[in-house]
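Contents: one structure, followed by commentary.
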Amino acid sequence: MTELALSLRRARRTKPKRDAEATKKRLLDAAESEFAKKGFAGARLGAIATAAAAQQALVHHYFGDKEGLYAAVLTRAVEATTSEGWDILQRIPTSPSRGRRAKGLELPTLRALIDAFVASMLRFFATHAALLSIVHHDARAGGAFTRELVTRTSKPVFDVVVTMLEDLARRGVVRRDVDVRQLCVSVFAMCAYPYYDEEFLSVLWPIDVRGAEFMDGRRREIVATAMARLAP
């Protein structure tokens, strides 16, 4: 068999898979936007399929029903950032991981840890700003799925970070008067706000909140603010 024939055979095997993944991504992106605007009850599968340039039957083929599509939208975003959070903790030798406590963590390493988490959260909100609106819709409707998903995925990462910071405060590596949970809320809010209220910021200044320059400056500002609060 010639090299050309082999290449054509490989292309036939891989193209449908690539097409399927691309279609699923378009459907998830369109669904994220639709659910954010209208909530679960108001979202229409036909509108999602049209926005994704796909047949509505493919929604049922890939996700089963509207509930399955909704779960896939939330799971895709939350599990991706959770996995990145565990990776950040694992890359720092003295940081805690699942079931392992931090030992000897000092301020330079702590700064690197906070920097990595802030960068991750900024990327998350820049990519999935609509998710905040979806979570709000879900909370008003009872929020059972979102609550279970966050409890199962994201909460353990934040629990490890809080435990680590509280241990550092007890040992005097960071300020003992720091309310760790309040600090985490502040950092979370500083990351989320530009994407949650993008329209208001655009009235004040011509800011591209997804541009590399803004995101880099935002990361440095948040890290500096957090470290100023933590440093003894």
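Put a dot 7 Å past each Cα toward the Cβ at ARG44 and MET227; how far apart are the dots in nm?
Reported label-point gap for MET227 and ARG44 is 5.2 nm.
Enumerate the calculated ³J(HN,Hα) couplings along region 145-160 in order (Karplus 6.51 cos²θ - 1.76 cosθ + 1.60, θ = phi - 60°), each rounded to whole Hz, writing x wherever the residue is Gly or Pro.
Per-residue couplings from phi come out as 5, 4, 4, 5, 5, 5, 4, 7, 10, 6, 4, x, 5, 5, 4, 5 Hz.
Order of MET227, MET190 from fewest to most other C-beta atoms within 10 Å?
MET227, MET190
Output ³J(HN,Hα) for region 20-26: one whole-Hz value per residue in order, computed from phi by the Karplus curve 6.51 cos²θ - 1.76 cosθ + 1.60 with θ = phi - 60°, and x for Gly and Pro.
5, 5, 5, 5, 4, 5, 4
At q = 0.09, 0.18 Å⁻¹, work out log10 I(q)/I(0) for the chain with the Debye formula, treating every Cα as an identical point scatterer and leaving solvent out; two decimals please.
For the requested q values the scattering log ratios are -0.50, -1.30.
ARG181 label point, 7 Å along Cα→Cβ, cut-off 20 Å on backbone N: hits in region 122-150?
Under 20 Å, as judged by backbone N against the label point of ARG181, lie 147-150 of region 122-150.
Taking θ as phi - 60°, what are the ³J(HN,Hα) couplings along region 127-142 by the Karplus curve (6.51, -1.76, 1.60), each to the nearest whole Hz, with x for Gly and Pro?
8, 10, 4, 5, 4, 4, 5, 4, 4, 5, 4, 5, 5, 5, 8, x
Counting other C-beta atoms within 10 Å, which of ILE207, ILE222 has the fewest, and how do the rest follow?
ILE207, ILE222
About the Cα centre, and with charges only on the beta carbon of Lys, Arg (+1) and Asp, Glu (-1), how big is the dipole of the chain? Nearest 20 debye, please.
800 debye
Anyone know which of ILE92, ILE48, ILE134 comes out most mobile in the 10 Å Cα GNM of the chain?
Comparing ILE92, ILE48, ILE134 in the GNM, the peak value goes to ILE92.
Please give the helix 180-196 orientation as an angle from the longest Cα principal axis of the chain, in degrees from 0 to 90, rounded to the nearest 10.
It works out to around 40 degrees.
Could you list HIS128, HIS61 so that the one with the fewest beta carbons within 10 Å of its beta carbon is first and the one with the most is last?
HIS61, HIS128
All of the numbers you see were taken from the coordinates with simple rules; none came from a lab. Owing to the predicted nature of the structure, the values given are computational and were not obtained by experimental measurement. Cβ coordinates were reconstructed from backbone atoms using ideal geometry, including for glycine residues, and neighbour counts include every protein chain displayed.
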